[in-house]
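Asks: Provided herewith is a single structure, encoded as structure tokens, for subsequent inquiry.
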Amino acid sequence: MEGWMCRLSCQLRKLGDECHIVGRASSPWPNVCAEHNLPFHAIPFGSDFSPRTWVALRRIVDVVRPDAAVIKGFKQARWLRLVSSRVATAVKLPAPHELSGGLIQRATVRWCVDRILTDCKATRRALLRHPWLLPGQVVAIPNGVDSGGPWPDPTRQQQARAQLLDASAPRDVVVIASVGRLTAEKRWEDAIEALTRVASRVDFRWIVIGDGPLRAQLQQRVATRGWSDRVRWLGYRDDARGLLWGADLLLHTSGCEGLSNVLLEAMAAGLPVVATNAGGTSEAVIHGLTGYVVPVGAVEEIADALSRLIQQPELRHTLGAAGAANVRARFTLEAMAQQIRRVMEEVVHHRLLRAQPTLALEDGWRGILAPTVDASNITPFLHGDRTGWTLVKDSPRIEVWRRPSSETDLYVKLYRPARTGGRLVDHLRAPRARSNLLMAAKLRLRGADVVPHLAAAWRGSECVLFTGSVPGAVPLDDAGWLSTLTPAQRRRLAVDLGTWLARLHATWIVPHDLKTSNLLRTSDGRFWLLDLDNCVSWRPPRGREIARNLFQIARSFERLGRRREWRILLAAYAHTRAWRTHHLRPILRDIARRWRRRGSEPCGPFDGMGR
């Protein structure tokens, strides 16, 4: 983690950011930071209730005044949120097992962590099995590695090869490298068994770089197989990345991975890879193009892939060249830093928007503007200039205007003044446009997909909200779009809606008005909220609120005229929240009462799950 943080900091510094490292004084951090010329701040690590830790961290925050922080653990995220509520926070989470479903971790993710950074899509999918995580809160950004310069580099390869082989080994022998800790989850026994099958057919040298508790046991196992003279155990090496340049291929049989840096470093050195399909391996190694990806524990397939590569030098060169090009195109340190920077910039933007002061605009208008919005773009509309705007909705409560743009269209929602009975309430509560703007920023911080909210302005009883559009989004109540769906697509839509709504409720987000006219859907299956009036986001949803949201969506399936989709939606909702029939039954009775008050028959059975 120290190496990853320092590499990220160095790249962010090249992009123009100022980076500081905070850690223990009695750790490798001070020396590592000194090597990279990074400012280091030491704090005493303690428990969640350690005043010394809080005071030391508070002093650092007051001096540095960071905009964003990338943290290695949830406890550190709680410390930072305790001493500062304005810093955008991301936790680097390399493995799914580091996030449990405990009450403390749920509260930490809800209140202290803005984004969780994973190194592969497989880890992200594993984390999203928790229904109280929204997809937008978990971001998969692959690790970047130093490519080591152009490939091939014959001089560097020869120097590294001389360190790998002893004097008695032939110079043209095939060198197989394996790097990692010698522990059970790395499944070194599979590597030994596969190489044993290969040893009777071809000659090779196996170089093991790494150390661990199983070293003596593995050495004994190789000795009993009768080819221990072909193995070199180098132990832990700081220069493992450079040594890979001297090998001919990489063997990686781990059973538990995220996205291994070893795979990326080996491909950067031009090595074809034989690896097991654990974690994000298949996201980096393209089977048949940059190496071979085999199932975990498939010893026979590993042996076949090794034999093929050992016996065909041209194939090794072809796969190695493709791997080197792949790493230099997709897995560079610069690409990793840019993606993390982009994610954190978005979080910082929404945090700044929530803290944005109210501005005095012209002609008595007051408002809040997003940091990226220029006031000159909204003041003409406030002055009554409707040039270029088209009225798209006119109701007793609101007007909606639209102005086309080359990038994203601009929308304005103008709230009409309330009637006499409601004017007192409107004067007592905050302007609706302001509430919607701040709620949108809060939900985006929580990972929810909300239509971009750009500015809010109000004057007396007048209230205006400026929003952007979502490219490629389709209103969920678009009859023309719904009529084109096949039965399988309708069922898929029902599953997606049920899962999405369950995640919203599990993360304590309860929209007040969830009519399908207030929902957009993009081609990637994401749902976007439009109307945030009276949205609840600070407590668990009540039963009647769940029933209201389900009833509002159910009316859209009434339009489809299908009961099956409604039952699928209910099943997806209950499955995501791990509910049984007795959890859902009172909510279904509430929905049935709503249908009876509406004066029509419900679109599906409400006495259970439709079984």
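Asks: Would you mind working out the magnitude of the charge dipole of the chain relative to its Cα centre, with +1 at each Lys and Arg C-beta and -1 at each Asp and Glu C-beta, to the nearest 20 Debye?
Replies: About 2980 debye.
Asks: Listing K14, K121, K186 from the residue with the fewest other Cβ atoms within 10 Å to the one with the most, what is the order?
Replies: K14, K121, K186
Asks: How would you rank 226-234, 151-159, 513-521, highest first, on the average number of other Cβ atoms within 10 Å across their residues?
Replies: Taking the mean over residues of other Cβ atoms within 10 Å, the ranking is 513-521, 226-234, 151-159.
Asks: Give me E257, E545, E314 ranked fewest to most by other Cβ atoms within 10 Å of their Cβ, as a rough exposure proxy. Walk me through the numbers before you get to the answer.
Replies: Values: E257 26, E545 18, E314 7.
Fewest-to-most Cβ neighbours within 10 Å comes out as E314, E545, E257.
Asks: Which of the listed residues, A298, V174, G226, is farthest toward the dipole's positive end in the range 154-333, when Lys, Arg count +1 and Asp, Glu count -1 at the beta-carbon?
Replies: Going by the charge dipole, the pick is V174.
Asks: With N set to the number of residues, divide the alpha-carbon radius of gyration of the range 62-172 by 2.2 N^0.38 Å and report two decimals.
Replies: So the Cα radius of gyration is 1.60 times the expected 2.2 N^0.38 Å.
Asks: I would also like to ask the following. Give me the Kirkwood hydrodynamic radius of the range 371-413, using the inverse of the mean 1/r over all pairs of distinct Cα atoms, in Å to one decimal.
Replies: By the Kirkwood definition, the hydrodynamic radius is 11.4 Å.
Asks: Considering the options W500, G525, Q552, tell which one lies farthest towards the positive end of the dipole of the chain, charges being +1 on Lys and Arg and -1 on Asp and Glu at the Cβ, about the Cα centre.
Replies: Q552
Asks: Something else about it: Measure out, as a whole number of angstrom, how far apart the alpha-carbon centroids of the range 29-108 and the range 224-299 sit.
Replies: A separation of 33 Å, based on Cα centres.
Asks: Hey, what did the range 154-333 get for relative contact order, percent, Cα under 8 Å, at least 6 apart?
Replies: Dividing the mean separation by the residue count of the range 154-333 yields 23 percent.
Asks: Considering amide H positions built from the backbone, and no H for Pro or chain starts, which residues 5 or more places from V22, or on another chain, come under 5 Å of its amide H?
Replies: Long-range HN contacts for V22: H41.
Asks: With +1 on each Lys and Arg Cβ and -1 on each Asp and Glu Cβ, and nothing else charged, work out how big the dipole of the range 193-306 is about its Cα centre, in Debye to the nearest 20.
Replies: So the magnitude is around 380 debye.
Asks: Still on this structure, I have one more. Determine the equivalent ellipsoid of the range 273-343 by diagonalising the alpha-carbon gyration tensor, then write out the semi-axes as square roots of 5 times the eigenvalues, largest first, rounded to whole Å.
Replies: Working: eigenvalues 147, 51, 7 Å².
Equivalent ellipsoid of the range 273-343: 27, 16, 6 Å, largest first.
Asks: Follow-up question, since we're still on this one. If every alpha-carbon in the range 352-468 counts as one equal scatterer, what log10 I(q)/I(0) does Debye give at q = 0.12, 0.20, 0.21 1/Å?
Replies: -0.42, -1.21, -1.32
Asks: Something else now. If you build the Cα gyration tensor of the range 154-333 and take the root of 5 times each eigenvalue, what three semi-axes come out, in whole angstrom, biggest first?
Replies: 22, 19, 16
Asks: Output the Cα-based Rg and Dmax of the chain in Å, rounding Rg to one decimal and Dmax to a whole number.
Replies: 29.1, 97
Asks: Another one. Report, ordered by chain and residue number, the aspartates and glutamates lying within cross-link reach of K72, taken as a straight Cα distance under 16 Å and ignoring same-chain residues fewer than 8 apart.
Replies: E2, D48, E98, D114, D119
Asks: Among W508, W188, which comes first, second and so on when ranked by fewest other beta-carbon atoms within 10 Å? All intermediate terms of the calculation are to be shown ahead of the outcome.
Replies: Numbers: W508 15, W188 25.
Least crowded to most crowded, the residues run W508, W188.
Asks: Among N277, T390, P417, whose Cα sits farthest toward the positive end of the charge dipole of the chain (+1 at Cβ of Lys/Arg, -1 at Cβ of Asp/Glu, about the Cα centre)?
Replies: Going by the charge dipole, the pick is P417.
Asks: Convex hull over the alpha-carbon atoms of the range 474-598: what's its volume per residue in Å³?
Replies: In the range 474-598, the Cα hull volume divided by residue count equals 106 Å³.
Asks: Note down the magnitude of the dipole of the range 102-180 about its Cα centre, charges +1 on Lys and Arg C-beta and -1 on Asp and Glu C-beta and zero elsewhere, to the nearest 20 debye. Spell out each step's value before the answer.
Replies: Details: 10 positive and 6 negative charges, 113 e Å.
Dipole of the range 102-180, to the nearest 20 debye: 540 debye.
Asks: Taking θ as phi - 60°, what are the ³J(HN,Hα) couplings along the range 10-24 by the Karplus curve (6.51, -1.76, 1.60), each to the nearest whole Hz, with x for Gly and Pro?
Replies: My calculation for the range 10-24 gives 5, 5, 5, 5, 5, 7, x, 8, 9, 10, 10, 10, 10, x, 6 Hz in order.
Asks: Let me ask another. Two decimals is fine: what's Rg over Rh for the range 239-385, C-alpha atoms, Kirkwood radius as Rh?
Replies: Numbers: Rg = 25.5 Å, Rh = 18.9 Å.
Reported Rg/Rh (Cα atoms, Kirkwood Rh): 1.35.
Asks: Could I ask something else about it? Checking the table K75/K186; K14/K442; K413/K442; K121/K186; K393/K515 against a 24 Å threshold on Cα-Cα, which pairs fail?
Replies: K75/K186; K14/K442
Asks: Using helices alone, I'd like the mean residue ellipticity at 222 nm for the chain: each DSSP H run of four-plus residues gives -39500 (n - 2.57), total over residue count, nearest 500. Mind showing how you got there, number by number?
Replies: Details: 23 runs with 266 residues, N = 611.
Theoretical 222 nm ellipticity from helices: -13500 deg cm²/dmol.
Asks: Related question: Any idea what the relative contact order of the chain is, in percent, if you count C-alpha pairs under 8 Å spaced at least 6 apart? Please report the intermediate quantities before stating the final value.
Replies: Working: 1029 pairs, mean separation 60.1, N = 611.
Normalised by residue count, the contact order of the chain is 10 percent.
Laboratory data are not the source of any read-out in this text; all were calculated from the coordinates shown. Note that the coordinates shown come from a computational prediction; the quantities given were computed from them, not determined experimentally. When we count neighbours, we look across all protein chains shown, and the Cβ atoms used for this are built from the backbone with ideal geometry, even at glycine.
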